[in-house]
Amino acid sequence: MTSAEEEAREKLAQCARALARIDCLGLGGHVSLRIPKSDLILITPGGGLDKTRLRAGDMSVMDATGKHVGGPYPPPLEWPIHTAVHAARPELDSVAHLHPHWSTIFGVLDRPMDAVLLGAARLGDRIPWFEVPKLVTSPALGEELRAALADAPAVLMRWHGSTVVGDTIEEMFERARVIEDNARLLWEASLIGKVVPVPRSIGGPQVRGASRTLGYYANLERPTDDQQWIGTERLEP
């Protein structure tokens, strides 16, 4: 195992634990990460493992066709989500299929998930939907989901969950977190009165990287005397 794979395994396990901590991963969620300088993909295992306790050694390895080539556990049933998206968008390092509560609400509603947080405004005008009422367990369905995602940062999967992507695993995590926060706030605000979405002309602040967000959740796991300063990303003017 190369040092690059070891580092990727640690990063993927850490991200999976953080997604589980914010209730985005759930029983059937999974996350993938490309192994640098390789055609192989690391992916969190399926089954009933406690995602808050995943470790680097638990990660599965699959090739571009979804074949299990390493790791103690097989890839999850919906591995075609990952192979299809990674193949079509080689710029992406990380893909996550999530089962988050609040944003899944907007997967069963006939209304867009308006951006009501500045961070959500960076995700574009609208998060698209994947309209097929099936688990994505075949390459053909993986291609249908990939087409629904297109070049968006995420897609809401009708009656199911979501898929979120990122150029880095930190960017994917930041997007997953802000989508869920935005969905919850939008739902709660809708119960009180008329919602005022972020004006499209404003958009969100341009943040350089998203390492601070994932680093925050990593620090929650560390002893009090072992927190690591990630630094504040500089906002563009």
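The values are calculated or read from the model by the stated rules, or taken from the named source; none is laboratory data. Treat the numbers as computed from the prediction; the structure is a model and nothing was measured. We place every Cβ from the backbone using ideal geometry, glycine too, and count neighbours over all the protein chains shown.
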Would you call Ala87 among the aliphatic types (A, V, I, L, M), free of Cβ contacts under 8 Å to residues at least 60 places away in the same chain and in a loop (DSSP other than H, G, I, E, B)? no
Are there any pairs with C-beta distances below 6 angstrom linking a residue in the range 49-72 that is in contact (Cβ under 8 Å) with a residue 60 or more places away in the chain to a residue that is surrounded by 13 or more Cβ atoms within 10 Å (Cβ to Cβ) and assigned to a helix (DSSP H, G or I), with the two at least 6 apart or on different chains, and if so which? Gly66/Trp79; Gly66/Thr83
Top-ranked residue of the range 135-164 - restricted to ones that are within 20 Å of Thr65 (Cα to Cα) and of a type in the set (D, E, K, R), ranked as nearest to the chain's Cα centre (by Cα): Arg146
Which residue, of Arg21, Arg55, Arg17, is surrounded by fewer than 19 Cβ atoms within 10 Å (Cβ to Cβ), closer than 29 Å to Trp159 by Cβ and within 19 Å of the chain's Cα centre (by Cα)? Arg21
Would it be correct to say that Val164 is modelled with pLDDT of 95 or more, touching a helix residue (DSSP H, G or I) at 6+ places or on another chain (Cβ under 8 Å) and surrounded by fewer than 17 Cβ atoms within 10 Å (Cβ to Cβ)? no
Any chance Thr65 is outside any strand (DSSP E or B), modelled with pLDDT of 95 or more, in contact with a strand residue (DSSP E or B) (Cβ under 8 Å, 6 or more places away or on another chain) and not basic (Lys, Arg): no
If Trp159 satisfies all but one of (1) in contact with a Pro (Cβ under 6 Å, 6 or more places away or on another chain); (2) in a loop (DSSP other than H, G, I, E, B); (3) buried (at least 18 other Cβ atoms within 10 Å of the Cβ), what's the number of the condition it fails? (3)
Consider Ala140 against the criteria (1) modelled with pLDDT under 95; (2) exposed (fewer than 12 other Cβ atoms within 10 Å of the Cβ): it satisfies all of them except one. Which criterion is unmet? (1)
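What do you reckon, is Ile105 touching a helix residue (DSSP H, G or I) at 6+ places or on another chain (Cβ under 7 Å), within 22 Å of Val136 (Cβ to Cβ) and β-branched (Val, Ile, Thr)?
Yes: the conditions hold for Ile105.
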